[in-house]
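Okay, structure first, notes after.
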Amino acid sequence: MICPHKTKTFSRKPKTENRKLLRTLGLIILVTLAGCGREPLPKSSIVVFGSPDSPRLRQAVAGLQATLGPGPVEMVLVPEFGSEGQETLRRLRKTRPRLLVVLGTPALLLAAPVEKKIPVVFGLVANPYFTGAAYDPAHPEDHQENVTGIASPAPLSAAMQHGVSLLGKGSWGLLYDPTDGVAADLARRFESEAGRLGLQALTETSTAAATDAGGLARLIKREAKVIYLPPAASTARYAPLVLEAGRQMKVRVVSSLPEGDRKGAVLRVALDYHKLGEDIGGLARRILAGEKPKAIPITENIPLKVEVDETLARKWSGYPPVK
């Protein structure tokens, strides 16, 4: 049974359900998923420690559980920021679970520096090499002895390659927020990949909703043939503007956003989080069967979902109309 909850669910002090419902959203989720237990797990249990909660994390957990099959699995979700994650992890570690599955970079940043004994399998982490769990991308076999996992970088390269196959070469545009570290890193990768594919890379920056429309307008004025939506948190802010431009056929849109509205993107290339969860579950089964994390190198896995809007693709194939 998977049961999302926050720190208070580890408490052994009896409290009324109504009071808990009023206090935390996590407990509202707890009630809707009937049958969740609140006592600390037995030592033979598997615990999923994740941050932040999101549809993609839930998809991965569904894939994980499908692979692990029936058994005692508990899901503990904590906010990305604040002290709650540290306190929850401290209490969680005292239960001494048999295996700790850590999902998300914020969760791994919390767990790797402090947990040195409980076997840990991580996933939903683009780059584990700055978290303390692993040390050098050139040596994926060199990592914290009790930790192994799967790195899943953003599928930028795959998206651009599929985009060139479908839409041809030309100028590709990217609007990004330079204050978002992930977005800034993806912008550097975008320019590098564009050069490798023989594309002209056009970039514009915007740091707030008030300047997003202007940045998009500049890309279109510079005759960007395609605009790419990268899988960064700040992209959600301006994605509706770009997708609306795609619906109006002002520009072709290629998206790697894992969730949200898709209409307006002629091509979507995103991570398949359910499949990624299945692969994480396969790795977890190896640990549960007796393999040692220190003997398993960090692997890179980028399972994809590739979707083409056939209606938009047909329109663009004959656009503009021949005079």
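Computed from the coordinates by the stated procedures, all read-outs in this text should not be read as laboratory data. Quantities reported herein were computed from a predicted structural model and do not represent experimental measurements. Here the Cβ is made from the backbone with ideal geometry for all residues, glycine too, and neighbour counts use every protein chain on show.
Descriptive notes on the structure:
- Hits among aspartates and glutamates - C-alpha to C-alpha of K169 under 17 Å, sequence gap 8 or more where chains match: E191, E193, E223
- Prolate/oblate/rounded label for segment 156-255 (Cα gyration tensor, a/c 1.5): oblate
- Taken along the Cα-to-beta-carbon direction at a fixed 7 Å, the label points for K275 and R247 span 2.9 nm.
- Summarising the label geometry, the points placed 7 Å from Cα in the beta-carbon direction at L288 and A213 lie 5.3 nm from one another.
- Neighbourhood net charge (10 Å Cβ-Cβ; Lys/Arg +1, Asp/Glu -1) for Q59: +1
- Listed pairs K117/K275; K250/K275; K117/K305; K221/K263; K94/K305 exceeding 30 Å between Cα atoms: K250/K275; K117/K305; K94/K305
- Cut-off 15 Å, label 7 Å out along Cα→Cβ of F81, residues of segment 175-208 by amide N: 179-182
- Pairwise Cα inverse-distance average, inverted: Kirkwood Rh of segment 265-310 (Å): 12.5 Å
- Whether segment 85-225 is rounded, prolate or oblate, judged on the alpha carbon gyration tensor where a/c under 1.5 counts as rounded: prolate
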